[in-house]
1. State all residues of the range 120-132 that are assigned to a loop (DSSP other than H, G, I, E, B) and either surrounded by 15 or more Cβ atoms within 10 Å (Cβ to Cβ) or in contact (Cβ under 8 Å) with a residue 12 or more places away in the chain (or both); if no residue qualifies, say none.
2. Taking only pairs six or more apart or across chains, which ones have beta-carbon atoms under 6 Å, a first residue in the range 7-28 that is of a type in the set (Phe, Trp, Tyr), and a second residue that is surrounded by 15 or more Cβ atoms within 10 Å (Cβ to Cβ) and part of a helix (DSSP H, G or I)?
3. Kindly establish whether Leu270 is at pLDDT 85 or above and crowded, with 16+ Cβ neighbours inside 10 Å.
4. Tell me whether the range 56-78 contains one or more residues that are β-branched (Val, Ile, Thr), closer than 24 Å to Phe159 by Cβ and crowded, with 16+ Cβ neighbours inside 10 Å.
5. In this structure, does Phe135 turn out to be closer than 21 Å to Gly36 by Cα, surrounded by fewer than 20 Cβ atoms within 10 Å (Cβ to Cβ) and aromatic (Phe, Trp, Tyr)?
6. Can you report the number of residues in the range 4-19 which are polar (S, T, N, Q) and either modelled with pLDDT under 80 or over 21 Å from the mean Cα position of the chain (by Cα) (or both)?
7. Out of all the residues in the range 316-333, which are more than 15 Å from Leu277 (Cα to Cα) and not in a strand (DSSP E or B)?
8. Failed condition for Arg23, given (1) surrounded by fewer than 13 Cβ atoms within 10 Å (Cβ to Cβ); (2) in contact with a Leu (Cβ under 9 Å, 6 or more places away or on another chain); (3) not in a helix (DSSP H, G or I), with all others met?
Amino acid sequence: MNRWVRREVTEQLRGNPVARRVRYGLVHRALRRFFGSGTFGRFIIAYMAVNVAVVAAEALSVWLVPAWLPAWSTSGSAPATDIKALMLNVSSCLLGAQIGLLGVISLSLALVTLIAQREGSSTDVQVYYHESFSFELVASCVALAAVLCAQLLWPLQFFIHRLGLGTELQFFKLCLLGLHLAWLLVNLAAVAYFIATTFRFVQQSARETLRERYTANVVLPRDLTQRLREQLYGLATKELIGDDEEDRGRPTATFGFDFGAPWNVEVETLFARPVALHDVRMTWVRWVLKRWSARCVTAAAQQPTSASHGLGRMGPSIWFTPHIGGVLRGNVSWCRRREGVPLTAFEKFVLRRAFIFRSSRDEG
């Protein structure tokens, strides 16, 4: 469902001339794709995954294809090139450059904070933080500094060498050093963009442009996405099993409502922590509801007294109580049925996988 909503929002904004005029440039979109909603922990986890993969590749290559390893990466003593010393010097320079970037960012943030306190523009500060990648950039710089400090000793490589699985060739360390350099270059580009955004922020006229860009690229898509998700989720019945007004005895399905007793619990889940409904795989839900609806019709046709008992007036119904973004906690029966045949065990399994819940910070 969210995929369809994102595509629809993109099409709507693409046809909006104002949104096109203030659309983010290529540099901003590239930096946003790299940083995303990055935090210090996420950057460290991503690097650790790459580091472990490189270490595993080193151990496997020594075991399987040692002849393929480049001999030029051997570290020798003078007059040969001492690659180990070279890597240490380069790493030290990278670390010094990264610490310098953190100093520049700190001064810029202090300047913006003073301006915000003087003018009382807390909303503008939030816009500035988003437009300049402040949080993501600081997290990336601190993470790279921590990585460079740790890799001065190459702890994982030292560990596999102690196990006799490594090689004296420096090729794999050079690969990681290249990754460090590329990461620093991305941070440099982000700092340049950060400084340019800071200079625009201190000018009143340019600040209006920042607000307009933020509204068109962040606020408007977010509001459209929320409204479309709620609308699509609430009207999903017609798309899944139809909504024929003339045949009131047909099975129905409803999303985001609770019709009260009497009802039978079909799917119940214990949420130990607060969660919210994030997305729904409507294709899977359609498959389950189509099967259930067909079985209900077949069962009704096999009962001669079904018409007199009101199947033609009000047919079997099944409903899903969670709201999009609504917080759930504890033991929740979120799929309920009134009349009709019960769901099979496999159908319940599919529904549990079709409704995607994610943790929520809202304790209410």
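The values are calculated or read from the model by the stated rules, or taken from the named source; none is laboratory data. What you see is a predicted model; the values in this text were computed from it and never measured. Virtual Cβ from ideal backbone geometry, glycine too; neighbours counted across all protein chains shown.
1. Ser121, Ser132
2. That search, which allows pairs on different chains as well, returns Tyr24/Asn217.
3. Judged against the criteria, Leu270 is not a match.
4. Looking through the range 56-78, at least one residue is β-branched (Val, Ile, Thr), closer than 24 Å to Phe159 by Cβ and crowded, with 16+ Cβ neighbours inside 10 Å.
5. Against the criterion (closer than 21 Å to Gly36 by Cα, surrounded by fewer than 20 Cβ atoms within 10 Å (Cβ to Cβ) and aromatic (Phe, Trp, Tyr)), Phe135 qualifies.
6. The qualifying residues number 2.
7. Listed by number, the list holds a single entry, Pro316.
8. (1) is the only condition that Arg23 fails.
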